[in-house]
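Okay, structure first, notes after.
The values are calculated or read from the model by the stated rules, or taken from the named source; none is laboratory data. On a predicted model such as this, the values are computed, not experimentally measured, just so you know. Cβ placement follows ideal geometry from the backbone for every residue including glycine, while neighbour counts extend to all protein chains displayed.
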Amino acid sequence: MIESGQPRLRRRYGRWRLVRLSPVLLTVVIASLAYATPPEMAFSRLLPAAPALAAAMWPVLPTVLLGTVCLLLMIGLSLVFPDLGTWWTCAGIIAVTVAAAYGSHVRLQRERTLFQVRLVADAAQQVVLSPLPRRLGNVEIESLYLAAAAEARIGGDFYEVVDTPFGVRLLIGDVRGKGLPAVGAAAAIVNAFREAAFGEADLVDVARRLDASSTRYNASFPPDEPMERFATALLVQIPYEGGRIDILNCGHPPPMLLHSRRLRVLDPATPSPLLSLAELIGGHYSVDSFEFAPDDLLLLYTDGIAEARARNGEFFPLAAWMSRQPPTPPRELLTALHRDLLRYSRGRLDDDIAALAVRLREP
């Protein structure tokens, strides 16, 4: 049974409230034990732990207030048990509270800095992954993106869809590396595609312009690592007259086509060079054509999907999973893929994930 989102959110919020209250609960437990047990056990000496714990999740003022409460509790316990070593414990509470207040201040500053960095990362990612139209003519399109580093929410996977005089053209790819350098390289490729897709009638010429843009970017911003920065890419063209799709594959995982519950992996007859490597391994590009009928489902994806691992190291069985899917809209296909990927990997992704699902409707 699949649980709805609201109950899960309520339970998660309830757990977080309990965690936030843990310094108070710790204070109550220590004070109760100190009062209920013999003085020799000296549970009161653990009171400095409460403001220390509060510094990890509370602002400065509540942390100081909790330290003050612990100090007053210690003074009250000393009236009941005169031989507790009150002054040493009180000095410890004061010292720990001052250090905890400073630690809370530093933590809040870093959280604010991280928030600003996330805003910049999100803005940079939007340059590469702009919102896509869900329908162009009789072509339905849906996209999925998941970053492996959730705290950064940024990576080198990219995709784009444009409506051109030559048909609907799609791009998906993956830059080697992560972080802002990878995003910069991906942005150079995507921006080149947005221009070339309108101006070039042949997919081969589009690929050459992407390679040139990637090469120029790498020359202007060379990678820190000794290895060459490159990118895989997949170009797809869906002509307006329908009946077929044209694919140019630059070292990218081959797309999958689901036709009447039969799966076909669209491997290229001759692989084309990876972007920015044409000068090294040759610039011969080839375009393959495949049948594409109404209600067929086309899945384009990056290698993070096929290489998602379970705890036992097994890769996600993408082909078997795809062959089991019923005829469904692209949005529902990617929703199911998202759910099953996270379930299979137990929420731990080793690489960024991007996917496009495409369906041709009856004209």
message: I'd like to verify a number: residues in region 63-79 that are in contact (Cβ under 8 Å) with a residue 40 or more places away in the chain and within 12 Å of Ser44 (Cα to Cα), how many?
response: 3
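Name the one entry in Arg331, Arg324 that is under 22 Å from the mean Cα position of the chain (by Cα) and of a type in the set (Lys, Arg).
Values: Arg324 fails: under 22 Å from the mean Cα position of the chain (by Cα).
Answer to the check: Arg331.
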message: Under 7 Å between Cβ atoms, which residue pairs at least 6 apart in sequence (or on different chains) link something in region 208-219 that is in the same structural domain as Asn249 (by TED's automatic domain parsing) and of a type in the set (Gly, Ala, Ser) with a partner that is part of a helix (DSSP H, G or I) and at pLDDT below 90?
response: Ser213/Ala188; Ser214/Ala185; Ser214/Ala188
Odd one out for Gly313 among (1) in contact with a Leu (Cβ under 7 Å, 6 or more places away or on another chain); (2) farther than 16 Å from Ala357 by Cβ: (1)
query: Does region 231-241 include one or more residues that are over 16 Å from Leu300 (Cα atoms), buried (at least 16 other Cβ atoms within 10 Å of the Cβ) and in the same structural domain as Pro327 (by TED's automatic domain parsing)?
result: no
- request: Look through region 178-191, keep the residues that are surrounded by fewer than 24 Cβ atoms within 10 Å (Cβ to Cβ) and either in contact with a strand residue (DSSP E or B) (Cβ under 6 Å, 6 or more places away or on another chain) or modelled with pLDDT of 85 or more (or both), and return whichever of them is farthest from Ile305 (Cα to Cα).
  value: Asn191
query: Which pairs do you get when a residue that is in the same structural domain as Val168 (by TED's automatic domain parsing), found in region 191-206, comes within reach of a residue that is small (Gly, Ala, Ser), reach meaning Cβ atoms under 7 angstrom, with the pair 6+ apart or on two chains?
result: Ala192/Ser213; Val206/Ala196; Val206/Ala197
message: I'm checking my understanding of the structure. Among residues of region 242-262 that are buried (at least 17 other Cβ atoms within 10 Å of the Cβ) and small (Gly, Ala, Ser), which one is modelled with the lowest pLDDT?
response: Gly242
message: Tell me yes or no: at least one residue of region 6-23 is under 26 Å from Leu108 (Cβ atoms) and at pLDDT 90 or above.
response: yes
message: Pairs needed: first member in region 86-108, under 12 Å from Ala49 (Cα atoms) and in contact (Cβ under 8 Å) with a residue 12 or more places away in the chain; second member anywhere, assigned to a helix (DSSP H, G or I) and β-branched (Val, Ile, Thr); C-beta distance under 8 Å; at least 6 residues apart or different chains.
response: Thr97/Thr63; Thr97/Val64; Thr97/Thr68; Ala100/Thr63
field: Residues of region 53-98 classified as among the hydrophobic types (A, V, I, L, M, F, W, C) and in a loop (DSSP other than H, G, I, E, B), total
entry: 6
- request: Taking only region 159-177 into account, find how many residues are at pLDDT below 90 and of a type in the set (Phe, Trp, Tyr).
  value: 0
message: Being closer than 30 Å to Ile353 by Cβ and either at pLDDT 85 or above or β-branched (Val, Ile, Thr) (or both) narrows it down to one residue among Val80, Val98, Val120; which is it?
response: Val120
